[in-house]
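In what follows, a single structure is set out as structure tokens and then discussed.
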Amino acid sequence: MSELLIAKNVTKAFEGLVAVNKANIVVKENTFTMLIGPNGSGKTTLINCCTGILKPTAGNVYFNGTDITGWKPHQIYGVGFVRSFQIPLPFVGLTVLDNVLGAMRNPGEMPFKATSKRAWIEEEEKNMERAMEILAKVGLSERWDMPSSSLGAAQLKLLEVAKGLSSGAKMIALDEPIGGVDPASAHEILSHVAELKKEGLTFFVVEHRIDIAAPFADYVYAMDLGTIISEGTPDKVLNDPKVIEVYLGKGVGSTCSE
Ligand SMILES: Nc1ncnc2c1ncn2[C@@H]1O[C@H](COP(=O)(O)OP(=O)(O)O)[C@@H](O)[C@H]1O
Ligand SMILES: [Mg+2]
């Protein structure tokens, strides 16, 4: 299995505060790799360094064999690594289907094709079919013509995954995809994500609620105070005394109760 994302000694300092300290991460292709840690441990900062939102102070990030350190988010998106956010405001008025169509690359924009109406229509039809297939994969088929503003928190997150998928991404980074949703919906979101691995997709997921997310993970990294303190199978990491200590120490509850 090839190493799709490699973060090598990635460090990010904010005026004296070292939010991420020499982090080493490898995300293998076609895995669900999870990054856990208490609030403020540096998870979002690390994912932002990997996806171009932030420039690392030191260290390197490689994606699919290319050094992408310091690249802009749209360049990283261009090579198939997508970072999901909540749906930006201008898009909440669009339908669920239009959101997915909008995320597709070059939707009918090839200049030479624009001269041939039939080719253009065929392209549009193909895109539409593919968008509906994608919506089925995330369980949103029945909502295709609803405005995305009508979706609940869990469905909005699934729409984000659908947009990533329609953009042709190889890898999708999700920052707390089940944050703020009830346990049943959280399970549904993660089941869909796990199912999408069959499409060849790779997921790098930051999660705070490890009890719900861990069963879906192939590999887990745990962070505390900017440092990776443990890595391995979910079982190994969740039972690592260092991990248990930081979770209990921060008073965020045990690793195995909701
Ligand atoms: N833009 C920023 N400027 C200054 N400090 C920041 C910034 N972003 C994050 N931090 C700090 O970096 C640390 C890690 O934050 P973050 O990566 O958001 O943690 P997590 O996602 O694990 O909750 C925190 O102490 C936070 O206050
Ligand atoms: Mg965060």
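Rule-based calculations on the coordinates, nothing more; no lab input. All figures in this text were calculated on a predicted structure; none of them were measured in a lab. Note that each Cβ is placed from the backbone with ideal geometry, even for glycine, and that neighbours are counted across all protein chains shown.
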Using amide H atoms built in the peptide plane, which far-off residues or other-chain residues are under 5 Å from residue 20 H to H? 12
Please list, in order along the range 22-39, the HN-Hα scalar couplings obtained from phi with the Karplus expression 6.51 cos²θ - 1.76 cosθ + 1.60 (θ = phi - 60°), rounded to whole Hz, x for Gly and Pro. 6, 7, 10, 9, 10, 10, 7, 4, 6, 10, 9, 9, 10, 10, 10, x, x, 3
Kirkwood Rh, angstrom, the range 122-172 [1 / mean 1/r, Cα pairs]: 11.4 Å
Just to be sure I understand: of the beta bridges DSSP finds with both ends in the chain, what percent are antiparallel, rounded to 5? 55 percent
If the viscosity is 1.306 mPa s and the temperature 10 °C, what Stokes-Einstein diffusion coefficient in µm²/s follows for the chain when Rh is the Kirkwood radius over Cα pairs? 83 µm²/s
Using only alpha carbon pairs under 8 Å that are at least six residues apart, calculate the relative contact order of the chain and give it in whole percent. 26 percent
Tell me the net charge near residue 135. Cut-off is 12 Å between Cβ atoms, residue 135 excluded, with +1 for each Lys or Arg and -1 for each Asp or Glu. -1
Expressed in nm to one decimal, what extension gain is obtained for the pair residue 53 and residue 72 from 0.36 nm per residue of sequence separation less their Cα-Cα distance? 6.1 nm
How far apart, in nm, are two points set 7 Å out from the Cα along the Cα-to-Cβ line at residue 26 and at residue 125? 4.7 nm
Cross-link list 55/157; 28/170; 126/157; 12/242: which exceed 21 angstrom alpha carbon to alpha carbon? 55/157; 126/157; 12/242
Peptides 19-30, 73-84 ordered by average Cβ neighbours within 10 Å, highest first: 19-30, 73-84
In nanometres, the difference between 0.36 nm per residue of separation and the alpha-carbon distance of residue 15 and residue 79 is 19.9 nm
Distribution of pairwise C-alpha distances over the range 30-80, 5 Å bins, in %: 5, 20, 25, 24, 18, 7, 1
